[in-house]
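The values are calculated or read from the model by the stated rules, or taken from the named source; none is laboratory data. Here the structure is a predicted model, which is why all the values come from computation and not from measurement. Glycine also receives a Cβ, built like all others from the backbone with ideal geometry; neighbour counts cover every protein chain displayed. Side chains included, ligands, DNA and RNA excluded: accessible areas come from the protein's heavy atoms. Shrake-Rupley method; radii C 1.70, N 1.55, O 1.52, S 1.80 Å.
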Amino acid sequence: MSRALRSLVAVLALGTALLAGCTSDEPDDVAAPSSASSELPDVETDLVACPEQPDVPAADSDLPPTVFECFGGGTLDLSRAPGVPTVLNLWASWCAPCREELPLVQQLADVAGDQVRVLGVVSVDGVPQAASFAEDSGVTFPSAFDADGEVMSSLGVNNLPHTVFLAADGSVAHLQIGPVHTLEEFEELVAEHLDVQL
């Protein structure tokens, strides 16, 4: 095979990989390392702890009734109602669209205040990678750690980002597939699906 042909094949392979998007079945060296687990080791991060939830069962939803540890402390218990309208953003450090969207999620958290809870779910990622990515992005909103991608599986998705809009009772009001591109778009989705004007 000529050098020019080998170069063309390499370029085509790279282009195909880039077009494939951010899926959870990316190679292990890109996605979560094999050492990823649901337990969070101590890691320094600016992410705040997940808030307390009322002791009220969540309404029927497609989310797994699982408890996830959160960076910064606390837990996210998807079997319990959040008690307030909630935006749950699924993200990972290996996801290029997440890198663009995550600062917007932080802006939403800043604007929402106490009206809407904004939480992240780090999906199919490693702890150090996620913590570093959050720091680089200036993110501080609470994020739970879902090493195995249980939430993604329960929703039937294998790519990121995705945003789940939860009513106060824990029912899924809307699933946003793919990235949101502006803060205004987030605010419109919150108004439409959670009936909260920000």
- prompt: When residues of segment 34-65 are filtered for being at pLDDT 80 or above, under 20 Å from Ser153 (Cβ atoms) and charged (D, E, K, R), how many remain?
  reply: 2
message: Residue under question is Asp77, and the condition is that it be farther than 23 Å from Leu189 by Cβ and at pLDDT 95 or above; does it hold?
response: yes
statement: For segment 98-111, pairs from a residue that is polar (S, T, N, Q) to a residue that is open to solvent by 20 Å² or more (accessible area, probe 1.4 Å), with Cβ under 9 Å and 6 or more apart or across chains, are Gln106/Ser137; Gln106/Gly138; Gln106/Thr140; Gln107/Leu183
- line: Among residues of segment 61-96 being out of contact with any helix residue (DSSP H, G or I) (no Cβ under 6 Å at 6 or more places or on another chain) and open to solvent by 50 Å² or more (accessible area, probe 1.4 Å), the residue farthest from Asp146 (Cα to Cα) is Ala96
- prompt: Counting only residues that are open to solvent by 40 Å² or more (accessible area, probe 1.4 Å) and under 16 Å from Val105 (Cβ atoms), how many does segment 138-196 have?
  reply: 13
query: Which residue out of Arg117, Arg99 is over 23 Å from Glu52 (Cβ atoms), buried (at least 18 other Cβ atoms within 10 Å of the Cβ) and among the basic types (Lys, Arg)?
result: Arg99
- request: Would you mind stating whether Asp29 is modelled with pLDDT of 50 or more, assigned to a loop (DSSP other than H, G, I, E, B) and exposed (fewer than 12 other Cβ atoms within 10 Å of the Cβ)?
  value: no
statement: Every listed condition ((1) in contact with a strand residue (DSSP E or B) (Cβ under 8 Å, 6 or more places away or on another chain); (2) over 21 Å from Ala49 (Cα atoms)) holds for Val164 save (2)
- prompt: Can you tell me how many residues in segment 49-60 are open to solvent by 40 Å² or more (accessible area, probe 1.4 Å) and of a type in the set (Gly, Ala, Ser)?
  reply: 1
- line: Listed by first then second residue, the pairs whose first member lies in segment 185-198 and is assigned to a helix (DSSP H, G or I), whose partner is exposed (fewer than 13 other Cβ atoms within 10 Å of the Cβ), with beta carbons under 6 Å and at least 6 positions apart or on separate chains, are Ala191/Gln197
query: Which members of segment 120-137 meet the condition of being open to solvent by 40 Å² or more (accessible area, probe 1.4 Å) and polar (S, T, N, Q)?
result: Gln129, Ser132
